[in-house]
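K.L.:
This structure is in structure tokens; I'll ask about it shortly.
Only the coordinates and a few stated rules stand behind these numbers; no lab work does. Keep in mind it's a predicted model, so treat the numbers as computed, not measured. A quick note on method: Cβ atoms are made from the backbone with ideal geometry, for glycine too, and the neighbour counts reach across all protein chains shown.
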Amino acid sequence: MKNLPPNDTSPEAEAVLIDALRRMTPAEKWRRLINMHRQGRILHAAGLRSRRPNATDAEINEDWLALLVGEKLVKTIKEARRGMEP
């Protein structure tokens, strides 16, 4: 395959990892995915708070969402919400 990022994992270690992943049940894979997602959110929040100590939870959530779906979509969502307010 072309254009893959550099891999610092030995072929032997990668084979062990692939074997372990293949033995996991779908539920175990989902639990791991959910845990990694939570850890990512925690690290993101900590990083944003270190750069912007006064950031609110809403700002942190909005920044996380922008990373996931893009700033343009977040802006569109915010505008749509404003249009729904009484």
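K.L.:
Checking the cross-link filter: which aspartates and glutamates have an alpha carbon closer than 15 Å to that of residue 78, excluding same-chain neighbours under 8 positions apart?
P.N.:
Within the straight-line limit of under 15 Å, residue 78 reaches these aspartates and glutamates: 59, 62, 63.
K.L.:
Helix 57-69 versus the longest principal axis of the chain: what is the Cα-based angle in degrees, 0 to 90, to the nearest 10?
P.N.:
That works out to roughly 60 degrees.
K.L.:
Helix 71-84: angle to the longest alpha-carbon principal axis of the chain, degrees 0 to 90, nearest 10?
P.N.:
40
K.L.:
Over the chain, what per residue volume does the convex hull of the Cα atoms give, in whole Å³?
P.N.:
189
K.L.:
Report, in debye and to the nearest 20, how large the dipole of segment 11-84 comes out about its Cα centre when Lys and Arg carry +1 and Asp and Glu carry -1 on their Cβ.
P.N.:
260
K.L.:
Please work out how much length the chain gains when fully extended from residue 58 to residue 75, using 0.36 nm per residue of separation minus the C-alpha to C-alpha distance, in nm with one decimal.
P.N.:
4.7 nm
K.L.:
Something else now. Say the dipole of segment 11-84 comes from +1 at the beta carbon of Lys and Arg and -1 at that of Asp and Glu; which of 77, 33, 45 then lies farthest toward its positive end?
P.N.:
77
K.L.:
Relative to the longest principal Cα axis of the chain, at what angle does helix 26-51 sit, 0 to 90 degrees, rounded to 10?
P.N.:
Tilt relative to the chain: about 50 degrees.
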